[in-house]
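Worksheet: the structure to be examined is printed underneath.
The values are calculated or read from the model by the stated rules, or taken from the named source; none is laboratory data. Quantities reported herein were computed from a predicted structural model and do not represent experimental measurements. Methodologically, a virtual Cβ is constructed for each residue, glycine included, from the backbone with ideal geometry; neighbour enumeration extends over all protein chains shown.
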Ligand code: PHE
């Protein structure tokens, strides 16, 4: 294969249509982040105010950044590493910008390693639902079933392996082949099923309390770590900050409107997350479960909800099959940038690199898989900071509550690496690229709208992410003091 590319024939081919891109990008965005992560993180962070900050992050940081990533991808036409390199050259910048592409590769690597473990749980749940393992259970039993699965090392490793194999096979075959059809079918189906669950929750669950929990903000409970979690969740859920969307942008035909497709993807992703929250919390409250139930929330609540209805067993199978597909369409987008880069670099067949890289990710994933059973004591943070914590001294923010490797990888990528990647992408597009090039790609007719986007990307986003970071690591008060401004923040 030829490694050089012209505008009309990118190395890796193009999507067949605008719809294909929207579907693929939605497939990447909608996944475990919306259905598994959003509800439990919203629960852990106290609901309403967190959700509001999340939405603010999605629309003020996520949407403009999604446009930035897509425009970089389309103009670069290659894997994120190479697109950075090509666009930096075009704008007279140094090749060190490529490092951001490499950081994206590393980020995708780590995310996929634990993502696959959770994807595996969804598969295990399909099997359990098929054998009717959830009929007539109460809250305690639902929790015990999940506990039994997570505690079973061999089972968790088996399902994690199966999930990785499927992801590798799809990426090796070339992402575009099956993706369009799969997403077109499964995302709407998942959406309908969630809506059905919301309606059922309104009848059988404590809907009122769920709505008020999710949408009544109480800012007195908000801390900087809640804000960091909200921003991290927005990046994770929208697949931003590591080049997944940039990669898909590379396959986008020239004449498609980037603002339009971005808005479509952002709105669909957000709707799915909110609806998932509305589907789950009525049952959480109705059954007296804990809203801060943590990683198990969906896996406990949904079986519980369905176990009470006639035909629930079938619906439960459908639900976890759809969740599994949503996870797979996201997982491919986590692997694709790395594989595309290796194909460009090594000039070799897709299948070899997909298998090699996939195997390495699988290996790293074992650490997450085991952190629920054999390795749950051997946690990084607890190991390093146990004495400090026991003596009642402060431990680093990251280690606060992060008591296993799974959680550590999750926090590291969502709250640090993805926002950092987003910050760098914003700086590149806003400061380095020529204004006329970004204008040409976005083709926004109204000047004020383009300006709004531009100033968001150039100033507001880097500033906001920077501020949240500085605050989270406790440096902001210190800096303010340095400038004699203490007490003003
Ligand atoms: N957005 C995906 C989800 O919500 C996860 C993901 C994160 C995919 C980052 C790609 C990049 O499940």
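Taken over segment 437-484, the criterion of being under 24 Å from residue 90 (Cβ atoms), touching a residue at least 40 places away in the same chain (Cβ under 8 Å) and in a helix (DSSP H, G or I) is satisfied by 437, 438, 441, 442, 453, 456, 457, 461. The set of residues in segment 162-206 being within 22 Å of residue 302 (Cβ to Cβ) and assigned to a loop (DSSP other than H, G, I, E, B) consists of 205, 206. Residues of segment 300-321 that are without any contact (Cβ under 8 Å) to a residue 60 or more places away in the chain and either within 19 Å of residue 32 (Cα to Cα) or outside any helix (DSSP H, G or I) (or both): 310, 311. Answer yes or no: is there a residue in segment 20-32 that is at pLDDT below 95, away from the ligand (no atom under 16 Å from the Cβ), surrounded by fewer than 23 Cβ atoms within 10 Å (Cβ to Cβ) and in a helix (DSSP H, G or I). The answer is yes; a qualifying residue exists. Within segment 85-125, the set of residues being in contact (Cβ under 8 Å) with a residue 60 or more places away in the chain and over 22 Å from the mean Cα position of the chain (by Cα) comprises 87, 88, 90, 91, 93, 97. Taking segment 448-477 as the range and being out of contact with any helix residue (DSSP H, G or I) (no Cβ under 9 Å at 6 or more places or on another chain) and either under 30 Å from residue 254 (Cα atoms) or loosely packed, with under 12 Cβ neighbours inside 10 Å (or both) as the test, the residues that pass are 448, 451.
When you look at residue 415, is it under 21 Å from residue 227 (Cα atoms) and within 16 Å of the ligand (Cβ to nearest atom), yes or no? Considered against the rule, which asks whether it is under 21 Å from residue 227 (Cα atoms) and within 16 Å of the ligand (Cβ to nearest atom), residue 415 comes out as yes. Just a yes or no: is a residue in segment 145-165 farther than 26 Å from residue 280 by Cα, in contact with a helix residue (DSSP H, G or I) (Cβ under 7 Å, 6 or more places away or on another chain) and within 16 Å of the ligand (Cβ to nearest atom)? Within segment 145-165 (the criterion being farther than 26 Å from residue 280 by Cα, in contact with a helix residue (DSSP H, G or I) (Cβ under 7 Å, 6 or more places away or on another chain) and within 16 Å of the ligand (Cβ to nearest atom)), the answer is yes, since at least one residue qualifies.
Only one entry of 198, 227 meets the criterion of being at pLDDT 90 or above, over 24 Å from residue 67 (Cβ atoms) and either within 16 Å of the ligand (Cβ to nearest atom) or touching a helix residue (DSSP H, G or I) at 6+ places or on another chain (Cβ under 8 Å) (or both), and that entry is 198.
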